[in-house]
Amino acid sequence: MIRFRRVLGIAALASLVAAPAAQAHFQLVYTPEVNVEKAASLPFRLIFWHPMENAHVMDMGQPEEVFVVTKDGKEDLKAALKPITFKGSENAAKAFALDLPVKKNGDYIVTVVPAPYLEKSEDVYIQQIAKSFVNKGGLPTNWAEPVGLPTEIVPLNKPTNILAGSTFSGVVLSEGKPVAGAEIEIEYIAAAPDMKTDAAPKPSVQPPAGGAIVAVTDENGVFTFGIPKAGFWGFAALGTGPVKEHQGKELSQDAVIWIRAYDFK
């Protein structure tokens, strides 16, 4: 996969373009249902993968941080991590599981800061700092607030109930400041992980022609993407983090966000 390591000086609305990359590395923070009405313990899977193609799975090292942010503050989840092996169509790799207690109404922002991953084909490290969202009781609380990461995408639409056929917008931050001209790689979970077997089924759709789907942020760090299909969509702002080197090699510190889209019935 070809990583985008430049920032473009484009002062226009984010546009959809085709990139030369064929497969996208994406850090998943996945749970099947993001809207719940009753108190529950929700199962999550942390997987570094190519979920649109059900392609190669990458080994995850022990994450640097795993936490959840609610209206009541931040809670460390590292002690809840359980190592697992996740099986894709090509291979099996190290991943993690955790159960998140969801008791109070409101938004839960589940965040993972993974260990940097060495992409040997390019001799660079990748660190995809990822966020996913759950809501209980339909009460909006803190979904639109940053959680203080080195780089992150803050949603401008409620991320747990985007309508297919509408649009999603987000703002890319690096050390709390908007990033103009950032390239956003976009991914769809076409092979949703089976939570019982920790394996992936066949993809439900085929990747589009032309390579990776990419949007570009405007001068305010904002991008917009039209959501064509219900399901889970991921957005990765490549190389927007402040840390550029790890163990003497180049580091691409990326911001990732996952949203859930539904059909309007």
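What follows is calculated from the coordinates using simple rules that are stated; it is not laboratory data. None of these values were measured; they are calculated from a predicted model. Positions of Cβ are generated from backbone atoms using ideal geometry, with glycine treated the same way; all protein chains shown enter the neighbour counts.
With 0.36 nm allotted per residue and the present C-alpha distance subtracted, the Phe264-Ser166 stretch has 34.3 nm of extension available. Percent of C-alpha pairs per 10 Å bin in the stretch 208-247, short distances first: 18, 45, 28, 8, 0. Using the Kirkwood radius over Cα pairs, work out the Stokes-Einstein diffusion coefficient for the chain at 10 °C and 1.306 mPa s, in µm²/s as a whole number. Taking Rh from Cα pairs, D becomes 87 µm²/s. Taken about its Cα centre, the chain carries a charge dipole of about 580 debye when Lys and Arg each add +1 at the Cβ and Asp and Glu each add -1 at the Cβ.
Just round it to a whole percent: the fraction of Cα-Cα distances in the stretch 60-217 exceeding 23 Å. List each step's numbers first, then the result.
Values: 6059 of 12403 pairs.
I get 49 percent for the Cα pairs in the stretch 60-217 exceeding 23 Å.
The share of alpha-carbon pairs in the stretch 83-167 lying farther apart than 23 Å comes to 42%.
If the stretch 20-61 were replaced by its equivalent ellipsoid, with semi-axes equal to the square roots of 5 times the Cα gyration tensor eigenvalues, what would those be, largest first, whole Å? Present the calculation step by step, with values, prior to reporting the outcome.
Values: eigenvalues 144, 29, 9 Å².
The three semi-axes for the stretch 20-61 are 27, 12, 7 Å.
In the elastic network of the chain, a GNM with C-alpha springs shorter than 10 Å, the most mobile of Pro114, Pro32, Pro159 is Pro32.
Going by a ≥ b ≥ c, the root eigenvalues of the Cα gyration tensor, does the stretch 163-265 fall in the rounded group (a/c under 1.5), the prolate group (a/b larger than b/c) or the oblate group? It would help to have the intermediate numbers written out before the result.
Working: a/c = 2.18, a/b = 1.36, b/c = 1.60.
Oblate, since a/c reaches 1.5 and b/c is not below a/b.
Among Val172, Val216, rank each residue by its count of other Cβ atoms within 10 Å, from fewest to most, as a rough exposure measure. Before the final figure, lay out the partial values.
Numbers: Val172 27, Val216 20.
Listed from fewest to most nearby Cβ atoms, that is Val216, Val172.
Between Lys196 and Asp76, the simple spin-label model (points 7 angstrom out along Cα→Cβ) gives 3.6 nm. Converting phi to 3J(HN,Hα) with the Karplus coefficients 6.51, -1.76 and 1.60 and the offset θ = phi - 60°, the stretch 111-127 yields 10, 10, 10, x, 5, x, 10, 7, 8, 5, 5, 10, 6, 10, 8, 10, 10 Hz in sequence order, with x at every glycine or proline. Ranking Ser252, Gly231, Phe168 by Cα position along the charge dipole of the stretch 131-265, where only Lys, Arg, Asp and Glu carry charges on their C-beta atoms, puts Gly231 farthest toward the positive end.
Cα-Cα over 25 Å: which of Lys131/Lys244; Lys38/Lys177; Lys82/Lys244; Lys78/Lys104? Beyond 25 Å: Lys38/Lys177; Lys82/Lys244.
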